[in-house]
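Here the structure comes first, spelled out in C-alpha cells, and everything after it is commentary.
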C-alpha cells in the first residue's frame, strides 16, 4: 500500500511543528514524519548506523521534504534554523502571532540534500519526491529551479526519480495546504512543476 511521508532534514523544533501542521492537513499519521534523531554533528552520522530513517520507504510511496526556501528563483540553498550550543531556537509571539527566533542556519545545496537522502537510506528505486520549500520550482535568471537541480543530482543513482518543486510560498491551515503567490492562494498541483 502506497503511503505518504514527511522528511525533515533539519530536525529543529520549528520544523517539527511545521511538519505536524502539514501532516494534519494532509491526513498523514505523525509516525510518518521522519527525521534523524540528532540535529547535527557526529551523533547524526552515528545514528544512521542504527536507523536510516528513509530505508523503510517503497517505490510506491511519496516523500515530502520539508524545509525553508527563498521563495524565488536563483536560490542556491534551502534550509532552516536549529538550536546550537551558542543559540537556542525558541518560539515567541509578536502582536499575538507566533515567530521562531534563535538558532543557527543549516543549509543544503541540491547535491548535499541528495547525499543526505542516500545516507538516510532512501531506496534506489524511489520515484515520487516533493521539495516542500518555498520557491523550489521557480526558474531563475542564473540558475535552473532548485527542484530541477535536485533531480539532476539524484538521476544517476535514482533512475526513476521524479522531483516536484513549487512556484510560490507554502501556506498551511488546519485542513489544507496551498501555495501563495502575491495575495492569491492556489491548490498545490496548480503551482507544482515536476522534473523527471
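The table for this structure:
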| item | result |
| --- | --- |
| Protection proxy ranking of 78-85, 3-10, 57-64 - average other beta-carbon atoms within 10 Å, highest first | 3-10, 78-85, 57-64 |
| Relative packing of 175-186, 152-163, which averages over residues the other C-beta atoms within 10 Å, highest first | 152-163, 175-186 |
| The stretch 1-40 versus the stretch 90-155: alpha-carbon centroid distance in Å | 14 |
| Ranked list, fewest to most other Cβ atoms within 10 Å of each Cβ, for 189, 120 | 189, 120 |
| Fraction of the pair-distance distribution of the stretch 94-192 above 18 Å, Cα-Cα pairs, percent | 56 |
| Reciprocal of mean inverse Cα separation for the chain (Kirkwood radius, Å) | 17.1 |
| Rel. contact order, % - alpha carbon contacts under 8 angstrom, at least six apart, the chain | 22 |
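Only the coordinates and a few stated rules stand behind these numbers; no lab work does. Predicted model, so just to flag it, every value in this text is computed and none were measured. Here Cβ is always computed from backbone atoms with ideal geometry, including for glycine, and neighbour counts include all displayed protein chains.
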